[in-house]
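**Q** Before I ask anything, let me first share the structure, which is written out below as structure tokens.
Here, each number is a calculation from the coordinates, and none is a lab measurement. All figures in this text were calculated on a predicted structure; none of them were measured in a lab. Every residue, glycine among them, receives a Cβ derived from its backbone with ideal geometry; neighbour counts consider all protein chains shown.
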Amino acid sequence: MNATRQLSAAAWLALAAAFIVMAGQFAVAKRGLSAGLTAYDIVALRFLGAAIPAAVILLRRGARDLGGVGYGRGAFLAFIAGSPYALLMYVALRFAPAAHGAMLIPGVGIVVATVIGAAWVGEHHGRGRYVGILIVLVGLSVLGAGAAYSSPLTGVGDLLLVVGGIEWGLFTLVVRRWQLDALATAAAISLLSLVYLPVYLLIPHRWVFAVPLAELLLQAGYHGVLLTVLAFAAYAFAVRRLGAGTAAIATAAIPVLGTVLAIVLVRESPSLTTWIGLVAVCLGIAVANASRRAGVAPTAASVQTVASTPMSHADRHVWGKEAWPSRRP
């Protein structure tokens, strides 16, 4: 009993740690931009930081076919969730607050994954799912209205984040349909995204050398190692111990954590519309995912928590597969 309680406590701690890292990516990127880095620099640092851990993961999973992902599928996933996606998000954060990123990416992602998933993947959602999605849309509308009123540039950044949320929702559907291993998918995307580096190096980036080394290491370590590898592993462990439904409902904490970290790390002062949107988005995500836990929709019970957890790739347990497959022959 004590061992079970200890494992459960460890799972909750792992889940909290994973969500803090996932939520903090927006504020950390914003900090890098404020320090003098460009969006192009942060993308390069992100995938350079992930290169070695990704290579190790794929060697264990089977490098010949990218851990079962395959080069064709891997290239497509890297296009919608790799360097182009990361570049879009970091450019958006030049104009929009980090708190908006923490709300728009998971909020739009869960809407896209639900609506398109019902038509394309054949998911059958219960009424509670759509009620939650409606609440999310209300929150996003309030957020968007406030951004458009405050500054046109903020509105531009929010539109880019909406596109990023659409990409993330589509990525979720594709990965779920193909039933790919979580860490192998993350590793494949990270390595294939290194094709961005030759393009990046064609342009001189002298200002990078003016940025403190500690900031460069922070961006590479946070986005490349903490986010891409450790947060995914912690999230997968939590899903195995607590169940996919519990983890899905808990993802409603990500926008809250992202907003708090934006206040602490980059001194943002969220507007009233941001707070109202935050409450609605978090409530909507919790309601939408709670219907899955309750078993309202049988085919939905074993799928998607990722659309509400930005930059995580759902554990195979979420798709009804074993959580950690043995090493491929």
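**Q** (1) 21.4; (2) 19.6; (3) 22.7: which one is Kirkwood radius over Cα pairs in Å as calculated from this entry?
**A** (2)
**Q** Segment 143-160 to segment 99-125: how many Å between their Cα centroids?
**A** 21 Å
**Q** Still on this structure: For segment 184-224 and segment 1-49, write down the distance between their C-alpha centroids in whole Å.
**A** Using only Cα atoms to place each centre, the spacing works out to 16 Å.
**Q** Another question, if that's okay. Using the 10 angstrom Cβ neighbour count as an exposure proxy, how do 215, 167 rank, fewest first?
**A** Numbers: 215 16, 167 21.
By the 10 Å Cβ count, ascending: 215, 167.
**Q** Test of the criteria: in segment 211-290, which trypsin sites (Lys or Arg not before Pro) are in a DSSP loop and have at most 12 other Cβ atoms within 10 angstrom of their Cβ? Present the calculation step by step, with values, prior to reporting the outcome.
**A** Working: sites: 240, 241, 267; in loops: 267.
Listed in order of number, the matching sites are 267.
**Q** Give me 83, 34, 190 ranked fewest to most by other Cβ atoms within 10 Å of their Cβ, as a rough exposure proxy.
**A** Working: 83 24, 34 13, 190 27.
By the 10 Å Cβ count, ascending: 34, 83, 190.
**Q** Now, a different point. Around residue 36, which amide H atoms from residues at least 5 apart in sequence, or from another chain, sit under 5 Å from its own amide H, with H modelled in the peptide plane?
**A** none
**Q** Convert each backbone phi in segment 37-42 into a coupling constant with the Karplus relation 6.51 cos²θ - 1.76 cosθ + 1.60 (shift: θ = phi - 60°), then list the ³J(HN,Hα) values in order as whole Hz, x for Gly and Pro.
**A** Working through the residues one at a time gives 7, 9, 4, 5, 5, 5 Hz.
**Q** Determine the calculated [θ] at 222 nm for the chain from helices alone, applying -39500 (n - 2.57) to every DSSP H run no shorter than 4 residues and normalising by the residue count; nearest 500 deg cm²/dmol. Please list the in-between numbers first.
**A** Values: 14 runs with 230 residues, N = 329.
Rounded to the nearest 500, it is -23500 deg cm²/dmol.
**Q** Provide 249, 52 in ascending order of the number of other Cβ atoms located within 10 Å of each residue's Cβ, fewest first.
**A** Numbers: 249 21, 52 13.
The most exposed by this proxy come first: 52, 249.
**Q** Rounded to the nearest 0.05, what FRET efficiency is calculated for residue 209 and residue 2 with R0 set to 35 Å and r the Cβ-Cβ distance? If you can, show how the numbers build up before the last one.
**A** Details: r = 53 Å, r/R0 = 1.53.
Once rounded, the FRET efficiency stands at 0.05.
**Q** Further question on the same structure: By the gyration tensor of its Cα atoms, with a ≥ b ≥ c the square roots of the eigenvalues, what is the shape of segment 78-231: rounded for a/c under 1.5, prolate for a/b over b/c, or oblate?
**A** Here segment 78-231 falls in the oblate category.
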